[in-house]
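Student: Sending over a structure as structure tokens; questions will come in a sec.
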Amino acid sequence: MLDAAAHVMRTLGFARTTTKEISRASGYSEAMIYKHFPDKTALFMAVLGERLPSFGPLARELAEDAGDRPVRDRVRALARTAIAFYVESFPISVSIFAEPGLLAAHRAALASLNAGPRRPLTALEDYLRAEQRRGRISAAADCAAAAALLLGACFQYAFFCCFEQRRPSAEEVDAYAASL
């Protein structure tokens, strides 16, 4: 069901995806879809969490194990994950912004799930501040700005890849992440 939902969402975008389309692609009835997911946003969140590269495990790792690996290695891993996530999620999520009502409903649903696009940014800021307290990052560094710049650069890189309709190789992504 999630594989079919991911495929339909990538093909049609979130705004144009219907449970009827997902039902057709998956071979499951719409009733079966609604048995597992209360609405399309919950299904979208499941696709993001289970079928796309996820920030979640990396964010938890940043919070739990700060200080045991070089900052550069952790930030590089986060950048690779961010790029992979954005490249995969752009084709699905970009259509949400075309319909203000859909965006508002989606934003409300994410808030009720305590989820949303600020979570990775907050996790990275918190990690950088923890490393700053350990003395591994300069006390003068602006951790909020550094986190925003890093994830913003990843977002823009992924946007250009999607705009150009090209899938970057793992080596290209790794080199870009290392440069950041």
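Student: Only one of these conditions is not met by Ala115: (1) in a loop (DSSP other than H, G, I, E, B); (2) farther than 23 Å from Arg16 by Cα; (3) under 18 Å from the mean Cα position of the chain (by Cα); (4) not acidic (Asp, Glu). Which number is it?
Tutor: Condition (2) is where Ala115 drops out.
Student: Also: Among Tyr34, Tyr86, which is the only one that is among the aromatic types (Phe, Trp, Tyr), surrounded by fewer than 18 Cβ atoms within 10 Å (Cβ to Cβ), out of contact with any Leu (no Cβ under 8 Å at 6 or more places or on another chain) and not in a loop (DSSP other than H, G, I, E, B)? Reasoning before the result, please.
Tutor: On the way: Tyr86 fails: surrounded by fewer than 18 Cβ atoms within 10 Å (Cβ to Cβ).
From the options Tyr34, Tyr86, the qualifying one is Tyr34.
Student: Out of the residues in the range 62-77 that are in a helix (DSSP H, G or I) and at pLDDT below 75, which is farthest from Ala175 (Cα to Cα)? Even if it seems obvious, please write down each step before you answer.
Tutor: Within the range 62-77, the subset in a helix (DSSP H, G or I) is 62-64, 71-77.
Those left that are additionally at pLDDT below 75: 62-64.
On the way: Leu62: 21, Ala63: 25, Glu64: 27 Å.
Among them, the one singled out is Glu64.
Student: Hey, another quick one. Report yes if some residue within the range 37-49 is open to solvent by 60 Å² or more (accessible area, probe 1.4 Å), within 12 Å of the chain's Cα centre (by Cα) and at pLDDT below 80; otherwise report no. I'd like the intermediate steps shown before the answer.
Tutor: Narrowing the range 37-49 to residues open to solvent by 60 Å² or more (accessible area, probe 1.4 Å): 38-39.
From what is left, the residues that are within 12 Å of the chain's Cα centre (by Cα) are none.
Among the residues of the range 37-49, not one is open to solvent by 60 Å² or more (accessible area, probe 1.4 Å), within 12 Å of the chain's Cα centre (by Cα) and at pLDDT below 80, which makes the answer no.
Student: Given the options Glu131, Glu172, name the one that is in a helix (DSSP H, G or I), among the acidic types (Asp, Glu) and open to solvent by 60 Å² or more (accessible area, probe 1.4 Å).
Tutor: Numbers: Glu131 fails: open to solvent by 60 Å² or more (accessible area, probe 1.4 Å).
Exactly one of Glu131, Glu172 is in a helix (DSSP H, G or I), among the acidic types (Asp, Glu) and open to solvent by 60 Å² or more (accessible area, probe 1.4 Å), namely Glu172.
Student: Condition check: exposed (fewer than 14 other Cβ atoms within 10 Å of the Cβ), touching a residue at least 24 places away in the same chain (Cβ under 8 Å) and under 15 Å from Arg74 (Cα atoms). Does Ala178 satisfy that? Even if it seems obvious, please write down each step before you answer.
Tutor: Details: exposed (fewer than 14 other Cβ atoms within 10 Å of the Cβ): yes; touching a residue at least 24 places away in the same chain (Cβ under 8 Å): yes; under 15 Å from Arg74 (Cα atoms): yes.
When the stated conditions are applied, Ala178 passes them.
Student: Now, a different point. Does any residue in the range 95-123 that is free of Cβ contacts under 8 Å to residues at least 24 places away in the same chain come within less than 8 Å, Cβ to Cβ, of a residue that is open to solvent by less than 30 Å² (accessible area, probe 1.4 Å) and part of a loop (DSSP other than H, G, I, E, B) six or more places away or on a different chain, and which pairs are these?
Tutor: Going by the 8 Å Cβ cut-off, the qualifying pairs are Arg107/Gly116.
Student: For residues that are more than 24 Å from the chain's Cα centre (by Cα) and not in a helix (DSSP H, G or I), scanning just the range 14-31, find the one that is surrounded by the most Cβ atoms within 10 Å (Cβ to Cβ).
Tutor: Tyr28
Student: Could you check how many residues of the range 1-10 are open to solvent by 20 Å² or more (accessible area, probe 1.4 Å), closer than 17 Å to Phe90 by Cα and free of Cβ contacts under 8 Å to residues at least 40 places away in the same chain?
Tutor: Result for the range 1-10: 1.
Student: Does Arg118 qualify as being crowded, with 16+ Cβ neighbours inside 10 Å, out of contact with any Leu (no Cβ under 6 Å at 6 or more places or on another chain) and either of a type in the set (A, V, I, L, M, F, W, C) or at pLDDT 85 or above (or both)? Outline the logic, then answer.
Tutor: Values: crowded, with 16+ Cβ neighbours inside 10 Å: no; out of contact with any Leu (no Cβ under 6 Å at 6 or more places or on another chain): yes; either of a type in the set (A, V, I, L, M, F, W, C) or at pLDDT 85 or above (or both): yes.
No.
The values are calculated or read from the model by the stated rules, or taken from the named source; none is laboratory data. Remember, predicted model here, so these are calculated numbers, not experimental data. Note that each Cβ is placed from the backbone with ideal geometry, even for glycine, and that neighbours are counted across all protein chains shown. These accessible areas exclude ligands, DNA and RNA; they are computed on the full protein's heavy atoms, side chains included. Shrake-Rupley method; radii C 1.70, N 1.55, O 1.52, S 1.80 Å.
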